[in-house]
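Peer 1: Quick one: this structure, given as structure tokens, is what I'll be asking you about.
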Amino acid sequence: MYTKRNYNFWMTFNWSRQPFFIAVIYALPITALAHFSHWDISLPWQPISVLGISVAFYLGFKNNSSYDRTWEARKIWGGIVNSSRTFGAAVTSFIQGEDKAEVQNIRRRLIYRHIAWLTAMRYQLRLSRDWEHKEDRVKGLYSPIICEEYFNNMDQEVMNLIDEEEFERYKTKTNIATQIIASQARELQHLHELGYFDSFRHMEFHRLISTFYDDQGRSERIKNFPFPRQYASVALWNTMVFAALLPWGLLNVFAGMENSWRIWLTVPFNALITWVFFLMEKIGDYSENPFEGSYNDVPITSISRAIEIDLREILGETEVPKSIAAVDGFLM
């Protein structure tokens with residue numbers, strides 16, 4: 001996620017410059033032919049402007065729908081923050097016993113397993129999908145595109161949170177995060193049977209487990225179900241049709257002016273209008289996938305670290321990891 005107040009103009013232009021230069025190259029020979037041959041090859045501007053309005057409305061629909069996916073993802077992870085803090089408070093207050101050292105070990109094991117769940121889930125959400133912009137993933141941060149890299153990167157973090165034997169059991173499963181929560185539920189049931197907390201508190205733990213599954217499932221729905229391809233594709237093709245007709249219509253506007261040299265204004269105005277439309281299309285395109293590991297993502301790594309810090313401090317630990325700071329305006 002980009003955290004500075006604004007992308008500056010040149011960052012924005014550099015990201016989306018290709019349509020601008022293609023539009024210049026496309027409009028130049030058309031304008032030159034009209035200027036030097038004195039042929040009237042222009043098209044009426046009115047129908048092209050109507051097409052432009054319809055394309056703009058469609059792009060607005062696409063951008064709103066794409067933004068909804070990003071904002072929903074952020075709300076899901078905001079809910080995970082709140083539920084995780086509640087879980088940490090419940091673990092440290094509900095679980096009681098005569099052996100204080102054993103009780104503290106149980107609390108630590110449960111909270112560390114929860115942090116392992118967060119870690120596994122965010123790694124799973126960063127795995128590439130065919131419809132995502134894999135070529136634009138932030139280099140050096142999000143690289144797990146095959147199972148070997150996925151496990152090697154996740155091992156480094158998860159092995160500090162749960163036993164190696166437990167983690168090896170998860171590696172044979174399709175969805176590691178799901179299995180971690182299932183293990184959490186089984187241990188809570190076992191602790192209830194041993195008398196560490198009563199039935200009422202066990203039901204509260206079960207409610208939190210259900211909440212975590214709900215949040216994981218909603219995150220996976222956004223990750224695994226792309227923005228419908230028919231809407232994404234039609235927005236692109238409509239924009240391309242409009243851009244293809246645009247210089248012919250601009251000739252109709254500028255060729256009729258008193259000074260003949262003004263016909264050359266077709267080139268820069270065609271490039272500018274084309275760039276604006278394709279910029280809107282690209283913004284919607286890159287907002288569809290809030291977990292793909294690009295610069296406009298929901299910063300789930302930073303959110304997970306903030307949760308980890310809170311939970312470790314709830315446990316009473318003083319040596320906790322530092323929060324993740326933005327690097328060059330980017331928060332991962």
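Peer 1: Considering Gly284, Gly293, Gly316, which residue is open to solvent by 40 Å² or more (accessible area, probe 1.4 Å), over 20 Å from Asp40 (Cα atoms) and either in contact with a strand residue (DSSP E or B) (Cβ under 8 Å, 6 or more places away or on another chain) or not aliphatic (A, V, I, L, M) (or both)? Let's see the steps before the verdict.
Peer 2: Details: Gly284 fails: open to solvent by 40 Å² or more (accessible area, probe 1.4 Å); Gly293 fails: open to solvent by 40 Å² or more (accessible area, probe 1.4 Å).
None of the others qualify; the one that does is Gly316.
Peer 1: Would you mind telling me which numbered condition in (1) of a type outside the set (Lys, Arg); (2) at positive phi; (3) modelled with pLDDT of 95 or more His38 fails?
Peer 2: (3)
Peer 1: Within the bounds of region 225-243, is there any residue that is within 20 Å of the chain's Cα centre (by Cα), buried (at least 17 other Cβ atoms within 10 Å of the Cβ) and basic (Lys, Arg)?
Peer 2: No, because not a single residue in region 225-243 is within 20 Å of the chain's Cα centre (by Cα), buried (at least 17 other Cβ atoms within 10 Å of the Cβ) and basic (Lys, Arg).
Peer 1: Could you please find all residues in region 178-194 being out of contact with any His (no Cβ under 8 Å at 6 or more places or on another chain) and in contact (Cβ under 8 Å) with a residue 24 or more places away in the chain?
Peer 2: Hits for region 178-194 are Thr178, Ile180, Ile181, Ser183, Glu187, Leu191.
Peer 1: Of the numbered conditions (1) touching a residue at least 40 places away in the same chain (Cβ under 8 Å); (2) of a type outside the set (Gly, Ala, Ser); (3) touching a Leu at 6+ places or on another chain (Cβ under 6 Å), Phe254 fails exactly one; give the number of that condition.
Peer 2: (1)
Peer 1: Please go through region 189-201 and pick out each residue that is part of a helix (DSSP H, G or I) and either at pLDDT below 95 or surrounded by fewer than 17 Cβ atoms within 10 Å (Cβ to Cβ) (or both).
Peer 2: Just the residues of region 189-201 that are part of a helix (DSSP H, G or I), to begin with: 189-194, 199-201.
Residues satisfying the conditions are Gln189, His190, Glu193, Leu194, Ser199, Phe200.
Peer 1: Sort through Phe36, Phe21 and tell me the only one that's in contact (Cβ under 8 Å) with a residue 40 or more places away in the chain and of a type in the set (A, V, I, L, M, F, W, C). Give the derivation first.
Peer 2: On the way: Phe36 fails: in contact (Cβ under 8 Å) with a residue 40 or more places away in the chain.
When all the criteria are applied, what remains is Phe21.
Peer 1: What tally of residues in region 56-90 results from selecting those that are over 26 Å from Asn224 (Cβ atoms), touching a helix residue (DSSP H, G or I) at 6+ places or on another chain (Cβ under 6 Å) and modelled with pLDDT under 95?
Peer 2: The qualifying residues number 0.
Peer 1: Quick test for you: out of Val327, Val276, pick the one residue that is within 28 Å of Ser65 (Cα to Cα), open to solvent by 20 Å² or more (accessible area, probe 1.4 Å), free of Cβ contacts under 8 Å to residues at least 40 places away in the same chain and not hydroxyl-bearing (Ser, Thr, Tyr). Working first, answer last.
Peer 2: Working: Val327 fails: within 28 Å of Ser65 (Cα to Cα).
After ruling out the rest, the residue left standing is Val276.
Peer 1: Show the residue pairs meeting these rules: Cβ distance below 7 Å; 6+ apart or different chains; first residue within region 211-234 and modelled with pLDDT under 95; second residue of a type in the set (A, V, I, L, M, F, W, C) and open to solvent by 60 Å² or more (accessible area, probe 1.4 Å).
Peer 2: Pro226/Trp131
Peer 1: Identify all residues within region 15-42 that are open to solvent by 90 Å² or more (accessible area, probe 1.4 Å) and in a helix (DSSP H, G or I); write none if there are none.
Peer 2: Selection gives Arg17, Gln18, Phe21, Ile22, Ile25, Phe36.
Peer 1: Condition first: open to solvent by 30 Å² or more (accessible area, probe 1.4 Å) and at pLDDT 95 or above. Now tell me which residues in region 106-136 satisfy that.
Peer 2: Arg107, Arg108, Arg109 - these are the residues of region 106-136 that are open to solvent by 30 Å² or more (accessible area, probe 1.4 Å) and at pLDDT 95 or above.
Peer 1: From (1) outside any helix (DSSP H, G or I); (2) out of contact with any Pro (no Cβ under 9 Å at 6 or more places or on another chain); (3) acidic (Asp, Glu), pick out the condition that doesn't hold for Asp215.
Peer 2: Condition (1) is where Asp215 drops out.
The values are calculated or read from the model by the stated rules, or taken from the named source; none is laboratory data. Small disclaimer: the values here were computed from a predicted structure and weren't measured. Backbone-built Cβ (ideal geometry, glycine too); neighbour counts: all protein chains shown. Surface areas here come from the heavy atoms of the whole protein model, side chains and all, with no ligands, DNA or RNA. Shrake-Rupley method; radii C 1.70, N 1.55, O 1.52, S 1.80 Å.
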